[in-house]
Amino acid sequence: MKGITVLGATGSIGVSTLDVVARHPDLYRVVALTANSNVEDLFLQCLQFHPDYAVMADEKSAQDLANRLKSKASYIQVLSGIDGLEEVSRLPEVDYVMAAIVGAAGLLPALSAVRAGKRLLLANKEALVVSGQLFMDEAEKYGAEVLPIDSEHNAIFQCMPPDYAKGFADVGVRSILLTASGGPFREMSAEELLQVTPEQACAHPNWSMGQKISVDSATMMNKGLEVIEACWLFHTQPDKIKVVLHPQSVIHSMVEYTDGSVLAQMGNPDMRTPIAHALAWPKRIESGVSSLNLFEIARLDFEAPDCQRFPCLSLAYQAIEQGGSAPAILNAANEIAVAAFLDKRIGFTAIPKIVESTLAMIPVVGAQNLSELLEVDAEARYVAEQQISALV
Ligand code: NAD
Ligand code: MG
């Protein structure tokens, strides 16, 4: 029986995780559930999963939740704030931590799990983008297993040889082919992109996801963040990662070997597959995902990405090539720009502009330790916000 903390339990990944966990009451026990401010959903999840702890990042919401749980489930300890999130990520009775908070807000709890040597199921790609080197060094130091939940990285993990950490040349890997659906605006002209709304951006053709990652998919920043994520997870360089548009989202990514073999992982686009894979690894369990119907799919298409219309992808390649604090600046500026787009303060095509100018305005430094990285993150948010205010 493995004890689990689900960080970001009320989100898209959190809900899918609990769906898989509920199918295996003999294998997994929920120790802690966390959310930002959605009291109603976390309350209902508490009644269903009976965790020992429930954490709300927002203090006032934690009060509300504690009041509601008093009569129904007083045995649940309610904690709050970043301290609470860090605490439930390192509890001795916790074996696995699902990191499914969105954005850099998830970094500290994910690091807390890593430093406690847990198995970390990593959905929160922004945490790794901000702190890549530090995160991977800490995972090695504390013996934490970092298993990818992002469907592409989970696919790559499944297609890689087991000893890939030795380096691509040693294990006969030539490159990673990172697939991308292209998002809802793949076929739009540059002019049409000027007019798109948050509602359109959040209506992804193949996946149902949180708002922030939906916008990132529409700008292709999601793929950029995933290139950076793949560099860290698979100990490789950006020139070994090729992005391939594949609108059907049936192949979740591929690994190309030196002998010309290309291994792909396929399946219906449903996050319960990578979640179940990482929960059970190296075994396999039921996930609730139906069989892939190849006759219905009939064909698989591939295209090259267009970095003219979707400049976020090249900005991310530039940031990881530059290294140091550049990916943290890219991520912070993007989080601020996406929030402003969702609030209808800026247009869709302003997102890459804000990211590009923030990167140009802040000098890139080595940024080895956590406090330096958090400072860079805060500075980039401030600079990006200034530019948005100047625009509106
Ligand atoms: P979501 O918006 O649906 O859920 C986010 C969760 O994080 C919620 O539970 C929310 O309460 C919590 N949260 C938000 N801000 C917080 C804060 N400041 N402090 C503490 N908790 C906070 O997001 P999602 O789509 O589930 O994505 C979560 C992460 O997984 C993201 O990093 C995303 O890139 C990654 N991911 C998601 C998918 C997907 O299919 N949704 C696929 C791959 C990767
Ligand atoms: Mg992905």
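Report for the range 155-297 the percent antiparallel among DSSP-assigned beta bridges with both residues inside it, nearest 5.
On the way: 9 of 14 bridges.
Once the DSSP bridges in the range 155-297 are tallied, antiparallel ones form about 65 percent.
Can you put Thr17, Thr273 in order of Cβ neighbours within 10 angstrom, beginning with the fewest?
Going from sparsest to densest Cβ surroundings: Thr273, Thr17.
Under 1.5 on a/c is rounded, so check that first for the range 305-345, then, if it is not, pick prolate when a/b is larger than b/c and oblate when it is not; a ≥ b ≥ c are the square roots of the alpha carbon gyration tensor eigenvalues.
Oblate, because a/c is 1.5 or more while a/b does not exceed b/c.
Among Met221, Met98, which comes first, second and so on when ranked by fewest other beta-carbon atoms within 10 Å?
Met221, Met98
Mind checking the dipole of the chain: about its Cα centre, +1 per Lys or Arg Cβ, -1 per Asp or Glu Cβ, Debye to the nearest 20?
For this selection, approximately 640 debye.
Suppose the chain between Leu294 and Glu375 were pulled fully straight at 0.36 nm per residue; how much longer would it get relative to their current alpha carbon spacing?
Values: separation 81, 0.36 × 81 = 29.16 nm, distance 4.90 nm.
Extra length from Leu294 to Glu375 when fully extended: 24.3 nm.
Among bridges DSSP assigns within the chain, what percent are antiparallel (round to 5)? Don't jump to the answer; show the numbers that get you there.
On the way: 10 of 40 bridges.
Beta bridges within the chain, antiparallel portion: roughly 25 percent.
Once phi is turned into ³J(HN,Hα) by the Karplus curve 6.51 cos²θ - 1.76 cosθ + 1.60 with θ = phi - 60°, what whole-Hz value does each residue of the range 211-228 show in order, with x for glycine and proline?
Values, residue by residue: 5, 5, 5, 5, 5, 4, 5, 5, 8, 6, 4, 4, 5, x, 4, 6, 4, 5 Hz.
Take the alpha carbon gyration tensor of the chain, find the square roots of its eigenvalues, order them as a ≥ b ≥ c, and report rounded if a/c is under 1.5; if not, report prolate when a/b exceeds b/c, else oblate.
Rounded, because the longest to shortest axis ratio a/c is under 1.5.
How high is the FRET efficiency between Gln133 and Ser357 when r is their beta carbon distance and R₀ equals 30 Å, given to the nearest 0.05?
0.75
Read-outs: derived from the displayed coordinates by stated rules, not from any lab. The structure displayed is predicted, hence computed values, not measured ones. Neighbour counts run over all protein chains shown; Cβ positions are idealised from the backbone, glycine included.
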